[in-house]
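The values are calculated or read from the model by the stated rules, or taken from the named source; none is laboratory data. All values derive from a computational prediction rather than experimental measurement. Every residue, glycine as well, gets a Cβ built from its backbone with ideal geometry; the counts of neighbours run over all protein chains shown. Note: areas computed on protein heavy atoms with side chains; ligands, DNA, RNA excluded. Shrake-Rupley method; radii C 1.70, N 1.55, O 1.52, S 1.80 Å.
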Amino acid sequence: MADLEKFRAETRRWLSDNAPPSIKGTTLGLGEGNWGGRKATYPNPDMKAWLNVMAARGWTAPEWPAQYGGGGLSKAEAKVLRDEMAALKLPAPLVGFGLTMIGPTLLEYGTEDQKQEHLSKIIRGDIRWCQGYSEPGSGSDLASLQTRAVLQGDYYVINGQKIWTSYANYSDWMFMLVRTDPQAPKHEGITFILMDMASPGVETRPIKLISGSSPFCETFLTDVQVPAKNVVFKVNHGWTVAKALLNHERTMIASAFGSGTGRRQTIGDYARKYVDFEGERIADTTLRTRMTQYEMDALAFKLTSDRARDAAKAGLPPGSESSMFKIYGTELNQRRQELLGSIAGPQALGWEGSGFEEQELSQTRDWLRSRGNTIEGGTSEVQLNIIAKRVLGLPD
Amino acid sequence: MELVLSEDQELLAKTAIDFVRTRSPVSRMRALRDAQDPIGFSRTLWKEMAELGWVGILIPEAYGGANMGLADLVVVLEALGRTLAPEPFLSTILLGGQLLTQAGSEEQKQAWLPGIASGDKILTVAYQEARSRYDLNRVATKAEQQSGSWVLSGEKIQVLDGHTADALIVSARTAGGQNDQDGITLFLIPRDTPGLTVTRQQRIDDRAVALVSLDSVKVGAGSLLGPLGGGFEILSQVVDRATVGLCAEMLGGMSQIFDDTLNYLKTRQQFGALIGTFQALKHRAARLFMEIELARSSVMAAARAADAGDKDWESLISLAKARGSDTFLLAANEGVQMHGGIGMTDEHDAGFYLKRARVAEMTFGDAAWHRERWATLHKY
Ligand SMILES: Cc1cc2nc3c(=O)[nH]c(=O)nc-3n(C[C@H](O)[C@H](O)[C@H](O)COP(=O)(O)OP(=O)(O)OC[C@H]3O[C@@H](n4cnc5c(N)ncnc54)[C@H](O)[C@@H]3O)c2cc1C
């Protein structure tokens, strides 16, 4: 404990000495964070400086082993680091699928060469990753995927189409699932492979969302050559890797949406701007009840995340909780967005142009975007199936 | 605050669950009901629980207890809640014992706490009245001073273990109007005091409760518990802490009826298939699982916050009770529904959980009452 307190004091001092002043108090949400990569732009150059100092200590990936450039921190130390960053209102220096999905997966399933090649580039924010799982005919039933990979010498030649590939047009590499044995049962002919997006034959086309933005693409693959050494784990055993990665993905989505980290404003603050109060109380009792119910559920959810974290810290085996956190966290975010809109009333109906404040317009877009939270990373219905089967042991 | 059981608590939980399994299955509670048992719980088992150290968990060492916290006691209460054990933790420990510990004079503590810790004495608190609903300040029972004595008149309802308690702590108005917080005083009154009549009431959950009527009950100045007119404050704090204990019992109840329901989903066949293969039921079970997980976190947090005296402890208790009330009822309703016809029969245990859920919901404030309190605390 004493060591941990010493670490806390040192961390606090180091953070306040090394964080550029202009980034303090700019705690960002997931979508707005620094995703890194070759195509990254830095409207505030201090953000790049912040990434560099943190990456040099391995603190963009605090719990990864130091031998690959990670921070080598224990879970308890990593929590101290998070707490101290929150206390100083510092934004995450780097976010993205490298840190949250493919990195942890390579640590578990990658070869030594693959770890050496990719992990440090993720930590430094040099390479941005995207996820090539879904296809037009394969969403929830992911294992039915059709994209073909055929071995020719040292290379796989890949043909097919991926869809809903988030940020494919900004990414440098893709981890993806391909079919290497079309004769085998559907789960047994899949391989997990890493592909450079700059390879000839890769084409991305952005798709526009209901919220107006285009965070994802269709990705077309025509005779793309990918070195065979880029296969992660074993050929035709990609499903094992795919599931492990999905677990990381759900945890990432749940913590991004549900735990309330990085929130600049409570719904109470928002209400003070738009609705009538009688003394200290919200006059509209129905709205008050909705807000209270939401806040209480959000708190119970946060406590449950804390409990899972404390259990992990105490060395207890993780349950299949990521599905629960994914469902509850994303539904909470949807309720929150809908509630914020209800609080703002007709001011929440603007698309663009005059008569609406910037914050109102972006909140409305966030609300629209939030509808995707219960679809991406595996739909809520699929998560409920997983809980029923894996946690509750209900029969198929 | 660490939301994880310590090694000692793990051990305590294991002992409690083993004990409940062998010594206190639901059939024991059913037998007490069927026999219309005059006590309503087992004195033998209560003594055993005292010997195991559970009864004295919250009592200071100086009076024969272990001076541990709510975070420890909830582990035991959850196990007992699983099989609806009716032993008098709420009345004697969480209400009576705690009031004495918090507000009793040295003499009162000496007189009562060691006997409570050893499992020999039963104590209860008579606070609820026919029109008080969940508000501890709505007290119509009066206490008037007459030549050095106090004379109490009024009626208290559903007093837990009222008919077996050796003494009752009664809230009465010594000043102010009927809903004022000031002017409520607590009196410690032996049950055999003239003018005090105790009548057993039958409630849906078959826990032993009694109607207590006070007809010019005369007691000395020494029976005052805590300061004159300052009873509300103390009672509120103690009821808040007791609420955490009740929530733990509820957590046990909802967990058990959920386990029973899952078991049924895995064994009952219809349409040539186990009913647990039907997605309509799977998804409801999965959602119920999540709600129970959130209830568990809330109880653990409330117990720890109450032990530490954290500034947000009151709002965490309201969180635990609002969620506990809703979720226990949901688990019981779903339990009956997913059992089909058999779930409606008296022969099956599901109904016991439903009845206990409803009573627990309406003890110490229902979900709406606690949400409203939460909203007030958070200036919504
Ligand atoms: C914003 C966003 C970002 C995304 N980013 C990526 C990405 O980067 N990379 C990537 O590979 N994919 C990505 N996806 C795709 C996402 O994983 C899929 O959309 C998702 O898995 C659902 O597949 P689908 O769209 O084909 O819907 P379908 O599978 O066709 O589902 C349609 C409906 O049927 C329900 N359903 C399906 N099967 C069952 C079942 N067995 N039981 C009950 N209900 C069922 C679903 O829950 C849903 O409600 C993204 C999606 C969104 C919305």
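Scan region B:118-134 for residues that are over 20 Å from B:Gln178 (Cβ atoms), surrounded by 19 or more Cβ atoms within 10 Å (Cβ to Cβ) and of a type in the set (S, T, N, Q) and jot them down.
Pass one, region B:118-134, residues over 20 Å from B:Gln178 (Cβ atoms): B:118-124.
If we keep only those that are surrounded by 19 or more Cβ atoms within 10 Å (Cβ to Cβ) as well, we get B:119, B:122-124.
Answer for region B:118-134, where residues must be over 20 Å from B:Gln178 (Cβ atoms), surrounded by 19 or more Cβ atoms within 10 Å (Cβ to Cβ) and of a type in the set (S, T, N, Q): just B:Thr124.
Of the residues making up region B:100-132, those that are among the basic types (Lys, Arg) and modelled with pLDDT of 95 or more are B:Lys109, B:Lys121. One residue stands out in region B:278-287 among those that are open to solvent by 10 Å² or more (accessible area, probe 1.4 Å) and aliphatic (A, V, I, L, M): the one that is farthest from the other protein chains (Cβ to nearest Cβ), namely B:Ala280.
Checking each residue in region B:335-380 for being open to solvent by 30 Å² or more (accessible area, probe 1.4 Å), part of a helix (DSSP H, G or I) and within 13 Å of chain A (Cβ to nearest Cβ) picks out B:Ala368, B:Trp369, B:Arg371, B:Glu372, B:Arg373, B:Thr376, B:Leu377. Within region A:299-312, the only residue that satisfies the criterion of being over 19 Å from the mean Cα position of the chain (by Cα) and more than 7 Å from chain B (Cβ to nearest Cβ) is A:Ala312.
Inside region B:259-277, can you point out the residues that are facing chain A (nearest Cβ under 9 Å) and touching a residue at least 24 places away in the same chain (Cβ under 8 Å)? Correct list: B:Leu265 only.
Residues checked against (1) aliphatic (A, V, I, L, M); (2) over 20 Å from the mean Cα position of the chain (by Cα):
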residue: A:Leu4; (1), (2): yes, yes
residue: A:Thr60; (1), (2): no, no
residue: A:Leu81; (1), (2): yes, no
residue: A:Pro91; (1), (2): no, no
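Is at least one residue of region A:161-171 away from the ligand (no atom under 13 Å from the Cβ), outside any loop (DSSP other than H, G, I, E, B) and either open to solvent by 40 Å² or more (accessible area, probe 1.4 Å) or over 19 Å from A:His237 (Cβ atoms) (or both)? Spell out the reasoning first.
To start, the set of residues in region A:161-171 that are away from the ligand (no atom under 13 Å from the Cβ) comprises none.
No, region A:161-171 has no match at all.
This table checks each residue for (1) out of contact with any Gly (no Cβ under 9 Å at 6 or more places or on another chain); (2) under 19 Å from B:Leu354 (Cβ atoms); (3) open to solvent by 20 Å² or more (accessible area, probe 1.4 Å).
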site: B:Ala175; (1), (2), (3): no, no, yes
site: B:Ala221; (1), (2), (3): no, no, yes
site: B:Gly245; (1), (2), (3): yes, no, no
site: B:Met254; (1), (2), (3): no, yes, no
site: B:Asp259; (1), (2), (3): yes, yes, yes
site: B:Tyr264; (1), (2), (3): no, yes, yes
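Could you check region A:104-154 and list, in sequence order, the residues that are of a type in the set (Ser, Thr, Tyr) and in the same structural domain as A:Leu221 (by TED's automatic domain parsing)? Matches in region A:104-154: A:Tyr133, A:Ser134, A:Ser138, A:Ser140, A:Ser144, A:Thr147. Screening B:Gly119, B:Gly104, B:Gly96 for residues that are under 30 Å from B:Ser42 (Cβ atoms) and over 18 Å from the mean Cα position of the chain (by Cα) leaves exactly one candidate, B:Gly104.
Check region A:84-101 and report whether any residue there is without any contact (Cβ under 8 Å) to a residue 24 or more places away in the chain and surrounded by fewer than 19 Cβ atoms within 10 Å (Cβ to Cβ).
If we filter region A:84-101 for residues that are without any contact (Cβ under 8 Å) to a residue 24 or more places away in the chain, which is where we start, we get none.
For region A:84-101, residues without any contact (Cβ under 8 Å) to a residue 24 or more places away in the chain and surrounded by fewer than 19 Cβ atoms within 10 Å (Cβ to Cβ): absent.
Scanning region A:346-396 for residues that are away from the ligand (no atom under 15 Å from the Cβ), among the polar types (S, T, N, Q) and open to solvent by 50 Å² or more (accessible area, probe 1.4 Å) yields A:Gln347, A:Ser354, A:Gln359, A:Ser362.
Can you give me the number of residues within region B:315-333 that are within 13 Å of another protein chain (Cβ to nearest Cβ) and open to solvent by 30 Å² or more (accessible area, probe 1.4 Å)? First the steps, then the outcome.
Kept after step one, since they are within 13 Å of another protein chain (Cβ to nearest Cβ), are these residues of region B:315-333: B:315-327.
If we keep only those that are open to solvent by 30 Å² or more (accessible area, probe 1.4 Å) too, we end up with B:326.
Number satisfying all stated conditions: 1.
Among the residues of region A:275-293, those that are touching a residue at least 24 places away in the same chain (Cβ under 8 Å) and more than 7 Å from chain B (Cβ to nearest Cβ) comprise A:Val275, A:Leu287, A:Arg290. Restricting attention to region A:130-151, the residues that are near the ligand (Cβ under 10 Å from one of its atoms) and not in a helix (DSSP H, G or I) add up to 13.
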